[in-house]
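This report concerns only the one structure given below.
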Amino acid sequence: MSSLNPAFTVGEQIAEVVRRHRGASRKDAWKRAVEMLDRVHIATADRRAHDYPHQFSGGMRQRVMIAMAIACDPKLLIADEPSTALDVTIQAQILDLIQSLRVKYGLSLLLITHSLGVVAEVTDRVRAEAEGAIVKAINQAEEGWEKTLTGVPKEIYEFWKRQLQPRGYHIRYEVVDYPNGMPGDIGIVIAWGA
């Protein structure tokens, strides 16, 4: 959310992306910016496009960033910690928005997060990596997908606790979610040294 420039309106910032990557005129780029704000459920998008980032709540700024990311109709949306610093209710709304956009527009999604709950909610396959190698993989349909209290598959969590945590490893998560017609959801749990 700090990626928004406080000196420019949110509409100008989204329009800039469209002008640079699509070669659109200023008028067409502005029209697309308003359309994108509407697409991410910002009420009165035509008026709010003239507002500056500080005039938006954290959740609304996150919606602006999502609008900017999808303005040029990408095939892959990379969302790095999209729910960080948001309260639980807004976090759920942002994740629901990302999922609905993914399905509606056929986006592939690379979701990077440290939240075990987000990993468990979004993915149906998890892979644990340590030092660049996959050390464990599990699918939701397989035995062992039983969830821990934190929501990550129990088998992966126990593997980390038993074998990686004692050696000073922490956990980081990256979730890749593909639309219909592509490989299923893939969650990657990356462990790295302290």
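The values are calculated or read from the model by the stated rules, or taken from the named source; none is laboratory data. The structure displayed is predicted, hence computed values, not measured ones. Note that each Cβ is placed from the backbone with ideal geometry, even for glycine, and that neighbours are counted across all protein chains shown. Side chains are part of the model used for accessible areas, which takes the heavy atoms of the whole protein and leaves out ligands, DNA and RNA. Shrake-Rupley method; radii C 1.70, N 1.55, O 1.52, S 1.80 Å.
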Query raised in the report: outside any helix (DSSP H, G or I) and either of a type in the set (Ser, Thr, Tyr) or touching a strand residue (DSSP E or B) at 6+ places or on another chain (Cβ under 6 Å) (or both) - does that describe any residue in the stretch 66-73?
Result: no
Report task. Kindly indicate whether ALA24 is under 23 Å from ASP96 (Cα atoms) and open to solvent by less than 40 Å² (accessible area, probe 1.4 Å). Result -> no
Query raised in the report: Which residue out of ALA85, ALA43, ALA92, ALA69 is at positive phi, out of contact with any His (no Cβ under 6 Å at 6 or more places or on another chain), open to solvent by 10 Å² or more (accessible area, probe 1.4 Å) and not charged (D, E, K, R)?
Result: ALA85
Query raised in the report: Among the residues of the stretch 72-82, how many are surrounded by fewer than 18 Cβ atoms within 10 Å (Cβ to Cβ), hydrophobic (A, V, I, L, M, F, W, C) and within 10 Å of the chain's Cα centre (by Cα)?
Result: 1
